[in-house]
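Report on the structure given below.
The values are calculated or read from the model by the stated rules, or taken from the named source; none is laboratory data. Bear in mind that the values here come from a model prediction, so they are computed numbers and not experimental data. Please note: Cβ atoms are built from the backbone with ideal geometry, for glycine as well, and neighbour counts cover all protein chains shown. To get the accessible areas, we keep the full protein, side chains included, count just its heavy atoms, and leave off ligands, DNA and RNA. Shrake-Rupley method; radii C 1.70, N 1.55, O 1.52, S 1.80 Å.
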Amino acid sequence: MKQIIIEGGHPLHGKIVVSGAKNSAVALLPSAILCDGVVTIDNVPMISDIEAIKEILVYLGAKVECENDKITIDSRTIQNRVIPESLAKKLRASYYFMGALLGKFKKTEMSFPGGCSIGARPIDLHLKGFEDLGAKVSSNENQYLVQATKLIGTDLYVKHSVGATVNLLFSSVLADGITIIHDAAKEPEITNVVELLQNMGANISGKGTDTLVIHGVETLHGASISVIPDRIEAGTYIIAGALCGNQLEITNINPEHLNSLIDILQKMQADITILKDSVIMNHKETLLPVNIKTEVYPGFPTDLQQPMTTLLTTVSGNSTLEETIYENRFKHVSYLNEMGASIKIEDRKLMITAPTKLNGKTVVATDLRAGASLILAGLSALGETTITEVEHILRGYENIIEKLENVGAKIKLEEI
Ligand code: UD1
């Protein structure tokens, strides 16, 4: 067990280099299963979710080599099609192995995936898509067996689900005929995955739109790709800059992927300078309140809802934050309130009375982005904040302690 201790109130100055996107990398690595060759992926964040994906690849029989932020995967030696529950439960993105194994070997067996507890998070759209492609899905308690004699292209509808879009891409690139994924998610991480599949020889059109057309091919070959910058990690540090920045530069980012956050910060009259691949943030005493609703990309990301809550407790007036993607992504609220915030949950909306002053307390990181919101609270609070169960945070933020320490935060990680 680990905990993070933060002494609040220190300005953040200097440069934070953003890592590769977790949500891209966790899909790019399993996609290597689909090809008959070697896949090289660079700018991979070294976080525990990636360790878990590597562990599953090795368990299946793939050869995985790592050198700094570069991972090379040779999946031609894969023997297993079944993923044990202990591995599947380590992370949400283990579900990508279902699509990749089904697409390549027409068979997979896996339990319901793990991941943050932020709502029901069913995988019905993934399973329905597998069935529509011709697979038979059977389940025994929590274990799913998915197999097909043949996968045949068809029309699929995924209601903008990120995971279902990627999984059905995986299961259709080698299928017979044409698959059309309607209402596909358009997140930049999906475009990153489409690009790797195209580099392997997949025939996919409609990249970056909500209609993906896949002409199945016989085989795929080895290829390489760079993981795009993590827009959620970037957004978290940008919000840290609005809270405590003194010329805090957040670099190695694609500002276009952050338009919805930047628009909101500009509405709040935050001190933000946008450069080609970085932004510079300065704290301002008075920021305007704002009403935000989470949406699928390019709308305001649900993954920044919790970090943004912390900033909204400090602005000059009352704000609202409506969560439209998950029904229960509010576990950070009670801890922020214990620290001095005044937030009420009304159905799926946060009513934030502000400004309030945050004070250091002992709080719990119940999930990844709740943990990020508490780190931000700790950085701006008066006194010392202790955050427990920080394994959730370390799953998704590469070197978060070092990155914040390097720009002046008084933060440390302790074993307990
Ligand atoms: C991905 C991201 C996560 C992000 C989310 C929304 C990864 C590994 N995780 O999660 O960080 O918060 O997108 O941007 O990339 N749904 C169903 N049935 C399904 C699938 C989804 O009802 O079969 C619902 C979910 O419960 C949720 C909504 O659709 O309410 C969005 O889920 P989805 O886009 O699939 O999110 P994830 O892929 O789980």
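The accessible surface of the chain, taken with every protein chain in place and a 1.4 Å probe, is 47 percent carbon and sulfur.
The charge dipole of the chain, taken about its Cα centre with unit charges on the Cβ atoms of Lys, Arg (+1), Asp and Glu (-1) only, comes to about 340 debye.
When the charge dipole of the chain is built from unit charges on Cβ atoms (+1 for Lys and Arg, -1 for Asp and Glu) and taken about the Cα centre, the candidate among Gly235, Gly408, Ile71 whose Cα reaches farthest toward its positive end is Gly235. Ignoring aspartates and glutamates fewer than eight residues from Lys410 along the same chain, the ones with Cα atoms less than 15 angstrom from its Cα are Glu7, Glu384, Glu402.
Between amide H atoms placed 1.01 Å from N, distances below 5 Å from Ala185 occur with His160, Ser161, Thr165, all of them 5 or more places distant or on a separate chain. Annotation: extensible slack from Leu382 through Glu65 equals 109.6 nm (criterion: 0.36 nm per residue apart, minus Cα-Cα distance). Shape of segment 124-209 from its Cα gyration tensor (a ≥ b ≥ c, root eigenvalues): rounded if a/c is under 1.5, otherwise prolate when a/b > b/c, or oblate? Prolate. Spin-label model, Asp124/Ser224: points 7 Å from Cα along the beta carbon direction are separated by 4.4 nm.
Want the number for Ser342 to Lys107: 0.36 nm per residue separation, take away the alpha-carbon distance, what's left?
Once the chain is fully extended between Ser342 and Lys107, it gains 79.5 nm.
Shown is the FRET efficiency for Ser139 and Lys267, computed with R0 = 41 Å from the Cβ-Cβ distance and rounded to the nearest 0.05: 0.30. Under 5 Å between amide hydrogens, built in the peptide plane, is the criterion, and for Asp271 it picks out Asn282, Lys284 among residues at least 5 positions away or on other chains.
Each of Val58 and Lys2 was given a label point 7 Å from its Cα along the Cα-to-Cβ line. The distance between the two points is 1.8 nm.
Protection proxy ranking of 280-287, 378-385, by the mean of other Cβ atoms within 10 Å over each peptide's residues and highest first, is 378-385, 280-287. Counted over segment 22-226, the DSSP beta bridges are approximately 75% antiparallel. When the alpha carbon gyration tensor of segment 224-314 is reduced to an equivalent ellipsoid, its three semi-axes come out at 20, 16, 10 angstrom, largest first.
So for the chain, Kirkwood radius off the Cα pairs, Stokes-Einstein at 4 °C and 1.567 mPa s: how many µm² s⁻¹?
Details: Rh = 21.8 Å.
Once the numbers are plugged in, D ends up at 59 µm²/s.
The convex hull around the C-alpha trace of segment 7-56, projected and averaged over every direction, spans 5.2 square nanometres. Beyond 30 Å in Cα-Cα separation lie the following of the pairs Lys267/Lys357; Lys107/Lys349; Lys63/Lys106; Lys70/Lys412; Lys70/Lys104; Lys54/Lys293: Lys107/Lys349; Lys54/Lys293. Evaluated at q = 0.08, 0.10, 0.12, 0.17 Å⁻¹, the base-10 log of the normalised Debye intensity for segment 22-226, with identical point scatterers placed on the Cα atoms, takes the values -0.22, -0.35, -0.51, -1.13.
Would you compute, from DSSP H runs of 4+ residues alone, the mean residue ellipticity of the chain at 222 nm, taking -39500 (n - 2.57) per run and dividing by the full residue count, rounded to the nearest 500? Provide the component values of the computation, followed by the final result.
Details: 14 runs with 131 residues, N = 416.
So the helix-based figure for the chain works out to -9000 deg cm²/dmol.
Give me the net charge for the shell around Ala341: Cβ to Cβ below 12 angstrom, other residues only, Lys and Arg +1, Asp and Glu -1. With Lys, Arg at +1 and Asp, Glu at -1, the neighbours total +2.
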